[in-house]
Amino acid sequence: MAGLWLYAGEWNRAHEVAQDLATREGSYWHAIVHRVEPDAWNSKYWFRQVGRHPIFEELAARAAEAGYGDGGNWDAERFVDFCVESGESGLAAAIQAVEWKLLFDYCRQGDRI
């Protein structure tokens, strides 16, 4: 729900949902909410709580195809900096769209919703 609220432009509602989720995926959505805010420090904090997420490998590969990174290990904190520096348009926005899709798909599998 945090991701859906954020997609709908409802930052406060997304934040309320994400901060109440004591899971790795909840921390991931919380990190994204703060990246969108933008609050880089808070976003990085929540990405550290996520640790190495299963979508990172595919995200790194897809980002490299789009022209960001080298397809190696995904560095979420570095990407936060990139988003802050480049804003919400262009390459950063395209990669975030891929990230959200991967995370939505991951969350709807099994009992991660």
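The values are calculated or read from the model by the stated rules, or taken from the named source; none is laboratory data. Model, not experiment: these values are computed from the prediction. Reconstructed Cβ throughout: ideal geometry from the backbone, glycine too, with neighbour counts over all protein chains shown. Just so you know, the surface numbers come from the protein's heavy atoms only, side chains and all, with ligands and any DNA or RNA stripped out. Shrake-Rupley method; radii C 1.70, N 1.55, O 1.52, S 1.80 Å.
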Test item: Cα-centred dipole of the chain, Lys/Arg +1 and Asp/Glu -1 on Cβ, debye: 200
Return the distance in nm (one decimal) between the two label points of a simple spin-label model at LYS101 and GLU65, each offset 7 Å from Cα along Cα→Cβ. 0.8
Could you report region 6-84's accessible area per residue, 1.4 Å probe, as an integer in Å²? 54
Percent carbon-and-sulfur accessible area, the chain, ignoring ligands, DNA and RNA, probe 1.4 Å: 50
The chain: relative contact order from alpha carbon pairs under 8 Å, six or more residues apart, as a whole percent, is 19
Taking the full set of protein chains and a 1.4 angstrom probe, give the accessible area of SER89 in square angstrom, rounded to the nearest 10. 70
Solvent-free Debye scattering, log10 I(q)/I(0), computed from the Cα coordinates of the chain at q = 0.15, 0.23 Å⁻¹: -0.58, -1.48
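Expressed in nm to one decimal, what extension gain is obtained for the pair GLU58 and GLN109 from 0.36 nm per residue of sequence separation less their Cα-Cα distance? Intermediate values should be presented prior to the final figure.
On the way: separation 51, 0.36 × 51 = 18.36 nm, distance 1.62 nm.
Here the segment from GLU58 to GLN109 would lengthen by 16.7 nm.
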Can you name the helices of the chain, as whole DSSP H runs, whose Cα span along the helix axis is 20 Å or more and whose Kyte-Doolittle mean is not below -0.5? 90-108
On a full-extension model of 0.36 nm per residue, what is the gain between LEU91 and ASN12, subtracting their alpha-carbon distance, rounded to one decimal in nm? 25.9 nm
Could you state how much accessible area VAL84 has, in square angstrom rounded to the nearest 10, with a 1.4 Å probe and all protein chains kept in place? 80
Taking TRP46, TRP41, TRP29 and ranking on accessible area (1.4 Å, protein atoms only), highest first, one gets TRP41, TRP46, TRP29
Compute the Cα gyration tensor for region 20-60, then decide on rounded, prolate or oblate, letting a ≥ b ≥ c be the square roots of its eigenvalues: rounded whenever a/c is under 1.5, prolate when a/b is larger than b/c in the other cases, and oblate in all that remain. oblate
